[in-house]
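K.L.:
Take a look at this one; I'll ask things after.
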Amino acid sequence: MYVELIIVSILSIMMCLVKKKKLSNLLEIDIKGTYFFIAAALIQFAAVLIFKRFNNIRLNKFLLDNYDFITCFTYQFLLIGIICDLDKNYMKLIFIGTLLNFIVILANDFKMPVLIADEIAYSSVNRVFLESNSDLIHTIVNNNTKLRVLCDIITLKKPYPFVKTVSIGDIFLLLGVFWIWQEESTVGGEKFTKIKVNS
């Protein structure tokens, strides 16, 4: 969903420019839970990188067998980091999105079920890939899927150039990212221009 985050950010920045908001305020956002976000990102990135890049059967089996612990640690750090800044409106949206995704992942053996629409490129290949348990994070939506409404079942179709599926939680996350730029660029003396990192 990195592409969507970038696109949403660009659109939000463009709206800030139209509204003549102070983008310089964005240079000094006070994020108290920064270290928790960094920890969550490092854990997730390391697990996925090792699983994809290292062709080691024992290591990959270890990751698959213990990914429930990895997921729990990742989301705990994320949620703690978000709660540290829950006074911000956009963090409330991000909190809802993160929690919804975590709930459906917990309900489906610690993987996010994905509905592969026919519009998606190489849809049949992707279905086989997910069904073979070759993805550390995702699995295929099937008759045994729980909380289907919270899964990746919303297809972003053309004219959107990057056809893919997202979840309701992802929508809240995208709204939260969009609102970051709007809220932090608000005109006034209460905003600052330097990133403050507090543990």
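The values are calculated or read from the model by the stated rules, or taken from the named source; none is laboratory data. Please read all numbers here as calculations on a predicted model, not as lab measurements. In this analysis, Cβ positions are derived from the backbone assuming ideal geometry, glycine residues included, and neighbour counts consider all displayed protein chains.
K.L.:
Within region 40-52, take every residue that is surrounded by 18 or more Cβ atoms within 10 Å (Cβ to Cβ) and either among the small types (G, A, S) or farther than 15 Å from C72 by Cα (or both) and give me the one that is modelled with the highest pLDDT.
P.N.:
A40
K.L.:
State which residue is nearest to the chain's Cα centre (by Cα) when the search covers only region 53-63 and only residues that are loosely packed, with under 14 Cβ neighbours inside 10 Å and in a helix (DSSP H, G or I).
P.N.:
As a first pass, look at region 53-63 and keep what is loosely packed, with under 14 Cβ neighbours inside 10 Å: 53-59, 61-62.
Applying the additional criterion that residues be in a helix (DSSP H, G or I) yields 53, 57-59, 61-62.
Details: R53: 22, I57: 28, R58: 28, L59: 25, K61: 25, F62: 24 Å.
Once the filter is applied, the top-ranked residue is R53.
K.L.:
Go through region 1-11 and give me each residue that's touching a residue at least 60 places away in the same chain (Cβ under 8 Å), surrounded by fewer than 17 Cβ atoms within 10 Å (Cβ to Cβ) and part of a helix (DSSP H, G or I).
P.N.:
To start, the set of residues in region 1-11 that are touching a residue at least 60 places away in the same chain (Cβ under 8 Å) comprises 1, 3-5, 8-9, 11.
Now narrow it down to the ones that are surrounded by fewer than 17 Cβ atoms within 10 Å (Cβ to Cβ): 1, 3, 5, 9, 11.
Listed by number, the residues that qualify are V3, L5, S9, L11.
K.L.:
In region 61-77, how many are farther than 19 Å from A39 by Cα and modelled with pLDDT of 95 or more? Steps first, answer last, please.
P.N.:
To start, the set of residues in region 61-77 that are farther than 19 Å from A39 by Cα comprises 61-62, 64-65.
Right, trim to modelled with pLDDT of 95 or more and you get none.
Number satisfying all stated conditions: 0.
K.L.:
Given the condition modelled with pLDDT of 90 or more, within 16 Å of C151 (Cα to Cα) and in a helix (DSSP H, G or I), answer yes or no: does some residue in region 106-127 qualify?
P.N.:
Checked region 106-127: at least one residue is modelled with pLDDT of 90 or more, within 16 Å of C151 (Cα to Cα) and in a helix (DSSP H, G or I).
K.L.:
Would you check if there is a residue in region 23-37 being touching a helix residue (DSSP H, G or I) at 6+ places or on another chain (Cβ under 8 Å), buried (at least 16 other Cβ atoms within 10 Å of the Cβ), under 22 Å from V114 (Cα atoms) and not aromatic (F, W, Y)?
P.N.:
Looking for residues that are touching a helix residue (DSSP H, G or I) at 6+ places or on another chain (Cβ under 8 Å), buried (at least 16 other Cβ atoms within 10 Å of the Cβ), under 22 Å from V114 (Cα atoms) and not aromatic (F, W, Y), one finds none in region 23-37, hence no.
K.L.:
So which of I103, I80, I96 is in contact with a Phe, Trp or Tyr (Cβ under 6 Å, 6 or more places away or on another chain), surrounded by fewer than 16 Cβ atoms within 10 Å (Cβ to Cβ), in a helix (DSSP H, G or I) and at pLDDT 95 or above?
P.N.:
Details: I103 fails: in contact with a Phe, Trp or Tyr (Cβ under 6 Å, 6 or more places away or on another chain); I96 fails: surrounded by fewer than 16 Cβ atoms within 10 Å (Cβ to Cβ).
After applying the criteria, what remains is I80.
K.L.:
Looking for something without any contact (Cβ under 8 Å) to a residue 40 or more places away in the chain and more than 26 Å from Y160 (Cβ to Cβ) - is there at least one such residue anywhere in region 111-121?
P.N.:
no
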